[in-house]
Amino acid sequence: MRNISEHVNVVLRDNTPLSITWKNRDYKVTKIGLQHNYYEGKTLIHIFSVLSGDLFLRLKFDSKNLTWNLMEIYQA
Amino acid sequence: MEFNGNLPSIIHLDINSCFATIEQQANPLLRDKPIVVAAYTTNSGCILAASVTAKKMGIKTGMRVIDAKRIYPLLITLLPDPPKYRFVHQKIKKILKSYSDKVIPKSIDEFSMKIVTGGLWLVASEIKKRIRQEVGEYITVSIGISTNKYLAKVASNLQKPDGLSEINSGNFLEVFSKLKLTDLTGIKRGNSIRLNRFGIKSVLDFYNAPVWKLKLAFGGIEGLYWHLKLHGFEISQSAERLGIFKQKMYGNSYAPPPNKKDQALPIISKLCEKTGFRLRKEKAKVSGVYLYLHDREGKSWHMGKKLSKDVFKTADIYKEIKNLFLKSDIKKNLRNIAISTFNLKKADSLQLEMFEDVCKKSSLTKAVDRINKKYGLYTIHSGRMILDSTVVQDRIAFGQS
């Protein structure tokens, strides 16, 4: 696992990520492992654990600021 | 006494290798690989959950990371992610609630539920299917069915992972004959030796033992409870409940990493903050505190104290525990710090004091708790806790079983 914590752009369909743009490169989401949420204080945070081919990405969506962050990546 | 002849009505559900399986659900690249979730990823970190593949290699919960890596050097070690596990817990709870209004979470990965309408085998199969569809296809559960909670749990352990077993009046002898005493929940080495002394060497001996013998073996009423449990009867709530609270104490512990090994008081303060918050959430007050310290040279020290008055405020708990700490001969180089509070009572009434406005103190504490609940724990905290919020991390306690 590599911690990243960088802002990314995410294209959604039906409230789930379809593709991610990180460092000017697009990553197509091929599988959603788990989508969970929790509160940081009163802010609802959504976490999407997704695959793009053989790359695992952990995305964080802040429902207050409406921002996406790439938190972690992992390559087998 | 005969075995309970009623139709089974209790389902016990256990998420297989809970934390590890949830991590493998979230990250499909980790599936079917030996992975562990450990308190710390360093060599001395304690393994909290091992994946099914890791377990097959002999890696077990409770082992140190270094010992597991001796078995499999390429072992993947992850840190726990409590929000993820709580989320899965809530989703499974929601599924179970759609079958019964009597669902009791026993811990983060175990549930017990009562269904009186029969057809438990069908319900259990459907629950397993729904968990796969609605929570995650990689998450498997073992389900046990019986006439009481205890045997339902024993049944859930019969087949792992992804099992479904039943203990009833028709098959209990066959099931018991295949089990060792230590296969029973609550019977480990100590209790096993205790039973052996009375000639009870197998589960069938245990089942057939008269109540008087069990009372002697366990030193009192516990013997009767074991007799009832093994015969498929539920211990009545009034008998099971020894006090107002089923919970007998609240506490927290922390194993400081090497760079925090000398910061005992700020850590104790933070542990008091967590314990106090949990205590007040359960509307309880206490009149006893306890401190345990263990240093890196293997020396340990502990002391408890019964208090002359009930306390509920973090600062009061801290004050008492700090007094214990000052009496300790271990103050630095700590490996483990644990605090707990005991003598629980319901906080429905307050004892007024001559020199202190207890009602004001209670209102202030409630207000702080509300703010911390809304904006996150430690939003408002004591000034003495001059540590960053990650020092005592969010952990999931091992629940009752």
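The values are calculated or read from the model by the stated rules, or taken from the named source; none is laboratory data. Note that the coordinates shown come from a computational prediction; the quantities given were computed from them, not determined experimentally. Neighbour counts are summed over all protein chains in view; Cβ atoms, including those assigned to glycine, are modelled from backbone coordinates with ideal geometry.
Checking each residue in segment B:363-379 for being of a type outside the set (Gly, Ala, Ser), within 10 Å of chain A (Cβ to nearest Cβ) and either in contact (Cβ under 8 Å) with a residue 12 or more places away in the chain or loosely packed, with under 15 Cβ neighbours inside 10 Å (or both) picks out B:371, B:372, B:374, B:377, B:379.
Among the residues of segment B:208-230, those identified as under 25 Å from the mean Cα position of the chain (by Cα) and among the aromatic types (Phe, Trp, Tyr) are B:218, B:225, B:226. When residue A:39 is tested against (1) within 21 Å of residue B:27 (Cβ to Cβ); (2) surrounded by 14 or more Cβ atoms within 10 Å (Cβ to Cβ), exactly one condition is not met: (1). Does segment B:6-23 hold any residues that are buried (at least 24 other Cβ atoms within 10 Å of the Cβ) and either in contact with a His (Cβ under 6 Å, 6 or more places away or on another chain) or within 12 Å of residue B:85 (Cα to Cα) (or both), and which are they? B:15, B:17, B:19, B:20, B:21, B:22, B:23 - these are the residues of segment B:6-23 that are buried (at least 24 other Cβ atoms within 10 Å of the Cβ) and either in contact with a His (Cβ under 6 Å, 6 or more places away or on another chain) or within 12 Å of residue B:85 (Cα to Cα) (or both). Annotation note: Cβ proximity below 8 Å between a residue of segment B:60-76 that is under 21 Å from residue A:1 (Cα atoms) and a residue that is surrounded by fewer than 16 Cβ atoms within 10 Å (Cβ to Cβ) and aliphatic (A, V, I, L, M) (sequence gap 6+ or interchain) occurs for B:72/B:57. Scanning segment A:1-39 for residues being in contact with a Gly (Cβ under 9 Å, 6 or more places away or on another chain) and either more than 10 Å from chain B (Cβ to nearest Cβ) or without any contact (Cβ under 8 Å) to a residue 12 or more places away in the chain (or both) gives a total of 3.
For (1) surrounded by 20 or more Cβ atoms within 10 Å (Cβ to Cβ); (2) within 23 Å of residue B:214 (Cβ to Cβ); (3) not hydroxyl-bearing (Ser, Thr, Tyr), each residue gets a yes or a no:
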| site | (1), (2), (3) |
| --- | --- |
| B:123 | no, no, yes |
| B:129 | no, no, yes |
| B:152 | yes, yes, yes |
| B:161 | no, no, yes |
| B:175 | no, yes, yes |
| B:180 | no, yes, yes |
| B:197 | no, yes, yes |
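Are any residues in segment A:63-76 over 10 Å from the mean Cα position of the chain (by Cα), closer than 14 Å to residue A:38 by Cβ and within 14 Å of chain B (Cβ to nearest Cβ), and if so, which ones? Scanning segment A:63-76 gives a single hit, A:64.
Only one of these is within 12 Å of chain B (Cβ to nearest Cβ), exposed (fewer than 14 other Cβ atoms within 10 Å of the Cβ) and part of a strand (DSSP E or B): A:51, A:44. Name it.
Among A:51, A:44, only A:44 is within 12 Å of chain B (Cβ to nearest Cβ), exposed (fewer than 14 other Cβ atoms within 10 Å of the Cβ) and part of a strand (DSSP E or B).
Scanning segment B:69-125 for residues that are among the acidic types (Asp, Glu) and within 27 Å of residue B:36 (Cα to Cα) returns B:81, B:109, B:110.
Tell me the residue from B:29, B:13 that is more than 21 Å from residue A:36 (Cα to Cα) and modelled with pLDDT of 95 or more, please. Outline the logic, then answer.
Values: B:29 fails: more than 21 Å from residue A:36 (Cα to Cα).
Answer to the check: B:13.
Of the residues making up segment B:103-128, those that are assigned to a loop (DSSP other than H, G, I, E, B) and modelled with pLDDT of 90 or more number 3. Of all residues in segment B:109-141, those being within 14 Å of chain A (Cβ to nearest Cβ) and closer than 21 Å to residue B:154 by Cα number 1. When each of B:70, B:64, B:31 is tested for being of a type in the set (Lys, Arg) and either surrounded by 18 or more Cβ atoms within 10 Å (Cβ to Cβ) or in contact with a helix residue (DSSP H, G or I) (Cβ under 8 Å, 6 or more places away or on another chain) (or both), the lone residue that passes is B:31.
Name the residue, out of B:47, B:35, that is of a type in the set (Val, Ile, Thr) and away from chain A (no Cβ under 14 Å).
B:47
For segment B:84-108, a residue qualifies if it is more than 14 Å from chain A (Cβ to nearest Cβ), out of contact with any Gly (no Cβ under 7 Å at 6 or more places or on another chain) and closer than 14 Å to residue B:142 by Cβ, but none of them does. Filtered by the rule that a residue be part of a loop (DSSP other than H, G, I, E, B) and either modelled with pLDDT of 95 or more or of a type in the set (Gly, Ala, Ser) (or both), segment A:20-41 gives A:29, A:30, A:41.
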